[in-house]
Amino acid sequence: MPVAVITDTDSSLPVDIAARYGIRQVPINVHFGDQTCAASEISDAEVFARVDREGRLPTTSAPSPGQFVEAYRSAFDQGADAVVCICVSSVVSGVFNAAVAARDLLPERDIAVLDSRNLAMGQGFMVLAAAEAAAAGADKEEVIRCAEETRQRTHLYAALSTLKYLAMSGRVGYLAAGMGGLLSVQPILTVRDGKLDLLEKVRTRRKALARVTELLEQAADGRPVERVAAVHVCLPDEAKAFGAGLCQRLGCSAEAIVADLTPGLSVHAGAGLLGAAIVVK
């Protein structure tokens, strides 16, 4: 393809979908003390098995500019004339800055770096739209337009099983986390202003997932839904069933994508997250 699409693993794109379109995913780094793993080399399940053993969360960091330079060069070596790199929201990560620094190290190359202002499959659907446009022969400007236009039509909501992990990572106050545990509530998250935002708290898991479904229906507002992705942390079977139910409820003819949140994000949200992203027409 004349335009190569690159992203990072916070896009939550399943590996098989990325491979189908030749999408390179630069991995977020996951740090367990002095040990560093690439998010592409460790699963959510493996992360939380270790968290349960050690009683502490790992930390994460953005890829280095050098990792992006390597990805850019690989794309050009394989025949691309231009690269579009779509990064996780700059509000929550330094990935965008690393990708821009790498672009500036290759001034002779045609590279555009986009801040998705999104994450997980909210970002992933932007990447997928860009890759589909590139596969159809679109030029760089059209690929960018497709990604940005998709962002306007994408909505994401998810339910946490607990606020404990968000508190451990410092993403919400310990007081809020303590209240969540005390009241046995299920926090509902969405993406607002480029970051995960605690929208509301709902009692019981059943009501939380019903509320996620209701919020997605409200976001669709009667318009057809062209894509659904169920996003989860360590709940593959539940996510598959939830995605299928959403497709039926929202009238989406395409099969739902089932996507692991991936460790760059899951260490902050915690095991048990379940939600979905949709793209409306």
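Observations
- For segment 133-154, the set of residues classified as open to solvent by 50 Å² or more (accessible area, probe 1.4 Å) and closer than 21 Å to residue 92 by Cα consists of 148, 151, 152, listed by residue number.
Residue-by-condition table, conditions (1) open to solvent by 60 Å² or more (accessible area, probe 1.4 Å); (2) closer than 17 Å to residue 272 by Cβ; (3) of a type in the set (A, V, I, L, M, F, W, C); (4) modelled with pLDDT under 95:
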{"site": "165", "(1), (2), (3), (4)": "no, yes, no, yes"}
{"site": "171", "(1), (2), (3), (4)": "yes, yes, no, yes"}
{"site": "179", "(1), (2), (3), (4)": "yes, no, yes, yes"}
{"site": "183", "(1), (2), (3), (4)": "yes, yes, yes, yes"}
{"site": "204", "(1), (2), (3), (4)": "yes, yes, no, yes"}
{"site": "213", "(1), (2), (3), (4)": "no, no, no, no"}
{"site": "223", "(1), (2), (3), (4)": "yes, no, no, no"}
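- Of everything listed in (1) open to solvent by 50 Å² or more (accessible area, probe 1.4 Å); (2) touching a residue at least 12 places away in the same chain (Cβ under 8 Å); (3) of a type outside the set (S, T, N, Q), the single unmet condition for residue 34 is (2).
- Residue that is nearest to residue 130 (Cα to Cα) [pool: residues in segment 101-111 that are without any contact (Cβ under 8 Å) to a residue 40 or more places away in the chain and open to solvent by 30 Å² or more (accessible area, probe 1.4 Å)]: 110
- Only residues that are in contact (Cβ under 8 Å) with a residue 40 or more places away in the chain and not in a helix (DSSP H, G or I) were counted in segment 134-162, giving 13.
- Residues of segment 112-132 classified as buried (at least 24 other Cβ atoms within 10 Å of the Cβ) and either modelled with pLDDT under 95 or on the phi < 0 side of the Ramachandran plot (or both), total: 14
- Looking across 61, 74, 11, one residue alone is of a type in the set (Ser, Thr, Tyr), open to solvent by less than 50 Å² (accessible area, probe 1.4 Å) and over 20 Å from residue 119 (Cα atoms). It is 74.
- Answer from 82, 39, 19, 98 - the residue that is among the hydrophobic types (A, V, I, L, M, F, W, C), surrounded by 15 or more Cβ atoms within 10 Å (Cβ to Cβ), under 17 Å from the mean Cα position of the chain (by Cα) and closer than 28 Å to residue 133 by Cα: 39
- Subset of segment 229-281 [modelled with pLDDT of 95 or more, among the β-branched types (Val, Ile, Thr) and open to solvent by less than 20 Å² (accessible area, probe 1.4 Å)]: 231, 233, 278, 279, 280
- Summed over segment 237-281, residues that are touching a strand residue (DSSP E or B) at 6+ places or on another chain (Cβ under 7 Å), assigned to a helix (DSSP H, G or I) and closer than 11 Å to residue 44 by Cα total 3.
- Options 196, 209; residue that is in a strand (DSSP E or B) and not polar (S, T, N, Q): 196
- Here residue 32 qualifies as farther than 21 Å from residue 5 by Cα, in contact with a Pro (Cβ under 7 Å, 6 or more places away or on another chain) and of a type in the set (A, V, I, L, M, F, W, C).
The values are calculated or read from the model by the stated rules, or taken from the named source; none is laboratory data. Keep in mind that what you see is a predicted model, and the values were worked out from it rather than measured. Heads up, the Cβs are rebuilt from the backbone with ideal geometry, glycines too, and the neighbour counts pull from every protein chain shown. Ligands, DNA and RNA are stripped out before the accessible areas are found, and what is left, the full protein with its side chains, is counted by its heavy atoms. Shrake-Rupley method; radii C 1.70, N 1.55, O 1.52, S 1.80 Å.
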